[in-house]
Amino acid sequence: MPTTFKAVVYAFNKRKDGTYNVKIRVTHRRQFLKVSTNMYAALHQLTRALKIKDQGIIDETNRIITNWRNIVGRLGSAADVMTVRQVVDYIKTEEQNSMAFQLDFIAYGRKIAATMREGTAKGYFTALNALVRFIGTETLDIGRINARFLESFEQFIETEPVLTHNKKRTVNQLHKSKKGGRAVSSYLACIRHIHNRAKQEFNDEESGVIRIPQSPFKKYRVKQPPKVKKRAIGTDLIQQIVDLDDEPRRVGSISEFTRRDLARDCFLLSFGLAGMNAADLLSCPAQSLAEDVIVYNRQKTASRREDEAEMHIRIEPQIAPLVEKYRDPRGERLFRFHRHYRDGNTFNCALNQGLKRIDAALRAAREDERLRQDTPDEEQPLPEHITFYAARHSWATIARSAALNIDKYTVHEALNHVDEDMKITDRYIDRDWSVIWQANAAVIGLLDWSALQKREEKRK
């Protein structure tokens with residue numbers, strides 16, 4: 001039995017403004033379904049029996065019916081076993097496929113980024129902002145993204161001057177300093193993820209709905225990030241940081257600590273807590289510390305681990321004074337850094353500025369020592385800049401060094417990394433935190449912490 005279509009108007013569909021919605025009645029295998037259109041007919045366009053008499057509406061409904069007949073005709077004998085609902089759904093699917101699909105990639109990408117963890121979202125927003133600078137507009141149809149487009153974007157990233165802010169001036173300045181290859185890898189990886197999310201959301205391959213047919217990343221390959229420079233520093237440099245005296249405070253200063261002292265203390269806290277990240281120091285929840293154990297979830301990997309990257313780290317006596325020094329008296333969080341810095345960005349900025357002052361202080365001290373002894377500098381050369389992440393890298397490097405030879409899996413567990421190869425095994429193993437604590441105690445034990453103890457006794 002053929003599928004039939006008829007444009008109809010029903011009395012019970014009368015609207016408050018006196019018009020009636022025009023529907024297409026689809027009849028198939030003695031079943032019928034009324035499908036609404038975006039057309040409305042007034043009384044003067046209808047007969048007394050509510051038959052459509054307006055030629056404009058008749059022409060438009062005939063066009064729709066002709067298109068629908070052609071679509072159903074492509075089903076052939078398959079239509080014989082379909083219900084009227086299945087036929088209508090097939091018609092709608094085919095119409096959607098034939099329409100030009102448009103999606104603003106920039107707006108969609110920002111919506112996706114807004115659902116991510118703060119640190120991850122920042123990278124995505126940065127990549128999208130670079131894309132906006134590349135195309136010169138705030139909107140980008142996803143259909144424009146192909147392999148050639150991505151190659152041009154890659155060249156733009158590599159050659160774009162770095163934007164820096166000069167505090168002494170009111171404008172930002174572009175300097176011709178080359179970006180690292182990591183920007184290319186990071187930005188394009190973000191664009192790839194957003195594009196894949198869009199295809200996953202708007203395409204339905206099982207139903208044959210392919211609104212985004214392009215797959216540019218099958219031809220264009222995102223470059224691998226450059227090998228990370230070793231950021232670890234040796235025990236002698238860490239010892240110099242431990243021994244670094246408090247920075248003289250400006251006359252009239254009401255701050256409780258300088259940025260250099262904050263960076264020194266937080267660096268040592270990170271190192272002494274088995275590489276605890278700055279983000280985790282800032283967000284660590286309030287707790288009693290009755291057993292001198294800090295419990296937290298590592299933000300960076302919490303969403304990628306079944307145990308939500310839970311970590312238990314014992315507070316060793318050497319760093320206990322620092323834990324007490326920065327304890328939040330209000331009990332809102334474990335540490336009081338959130339009372340001084342509104343978010344992770346401002347906290348990291350303060351730490352980086354403080355670490356630069358530490359760099360300068362260590363260089364000045366080394367130069368004074370060299371002039372005083374008038375001997376060649378045979379100590380470990382100072383790095384160009386000590387990063388906060390060096391505390392974490394250094395902890396792992398020292399743990400694996402010949403001095404301690406702690407096994408790699410213990411180091412891996414202490415750093416709370418994600419390991420896909422061990423994911424199944426980890427489900428069957430109860431973590432023994434004491435193994436990590438013993439490793440941490442051994443690493444801390446290689447240093448002399450007496451200078452820190454004396455500073456805190458003097459401060460009290």
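Table for the structure above
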| read-out | value |
| --- | --- |
| Candidate set: segment 32-47, residues that are over 51 Å from the mean Cα position of the chain (by Cα) and exposed (fewer than 14 other Cβ atoms within 10 Å of the Cβ); chosen: the one farthest from Y90 (Cα to Cα) | H44 |
| Any pair with Cβ under 7 angstrom, 6 or more apart, that starts in segment 271-293 at a residue that is without any contact (Cβ under 8 Å) to a residue 40 or more places away in the chain and ends at one that is part of a helix (DSSP H, G or I) and of a type in the set (F, W, Y) | none |
| From the options H393, H385, residue that is touching an Asp or Glu at 6+ places or on another chain (Cβ under 7 Å), over 18 Å from I315 (Cα atoms) and at pLDDT 75 or above | H385 |
| All positions within segment 306-341 that are touching a Gly at 6+ places or on another chain (Cβ under 6 Å) and farther than 25 Å from K458 by Cα | none |
| Test: residue in segment 91-105 that is touching a strand residue (DSSP E or B) at 6+ places or on another chain (Cβ under 6 Å), at pLDDT 90 or above and among the polar types (S, T, N, Q) | no |
| Meets criteria (modelled with pLDDT under 95, out of contact with any helix residue (DSSP H, G or I) (no Cβ under 9 Å at 6 or more places or on another chain) and in the same structural domain as D243 (by TED's automatic domain parsing)) for Q299 | no |
| Residue in segment 343-365 that is surrounded by the fewest Cβ atoms within 10 Å (Cβ to Cβ), counting only those that are small (G, A, S) and under 17 Å from G119 (Cβ atoms) | A350 |
| Scan of segment 53-92 for residues that are of a type in the set (S, T, Y) and either within 20 Å of R211 (Cα to Cα) or surrounded by 15 or more Cβ atoms within 10 Å (Cβ to Cβ) (or both), ordered by number | T61, Y90 |
| Count of residues meeting criterion [under 30 Å from the mean Cα position of the chain (by Cα) and either within 11 Å of I444 (Cβ to Cβ) or part of a strand (DSSP E or B) (or both)] in segment 312-335 | 6 |
| Scan of segment 270-281 for residues that are buried (at least 20 other Cβ atoms within 10 Å of the Cβ) and either at negative phi or not aliphatic (A, V, I, L, M) (or both), ordered by number | S270, F271, G272, L273, G275, M276, N277, A278, D280, L281 |
| Near pairs, Cβ below 8 angstrom, 6+ apart or cross-chain, from segment 41-65 (under 16 Å from R25 (Cβ atoms)) to any residue that is of a type in the set (A, V, I, L, M) and part of a helix (DSSP H, G or I) | A41/I57; L50/A11; I52/I58 |
| Residue match in segment 402-410 (condition: assigned to a helix (DSSP H, G or I), surrounded by 15 or more Cβ atoms within 10 Å (Cβ to Cβ), at pLDDT 85 or above and on the phi < 0 side of the Ramachandran plot) | yes |
| Filtered residues of segment 115-135 (kept if within 23 Å of R182 (Cα to Cα) and outside any helix (DSSP H, G or I)) | M116, R117 |
| Helices (runs of 4 or more DSSP H) contained entirely in segment 182-301, each with at least 1 residues that are in contact with a Pro (Cβ under 9 Å, 6 or more places away or on another chain) and of a type in the set (A, V, I, L, M, F, W, C) | 235-243 |
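The values are calculated or read from the model by the stated rules, or taken from the named source; none is laboratory data. Note that the coordinates shown come from a computational prediction; the quantities given were computed from them, not determined experimentally. So basically every Cβ, Gly included, is an ideal-geometry build from the backbone, and we count neighbours across all protein chains shown.
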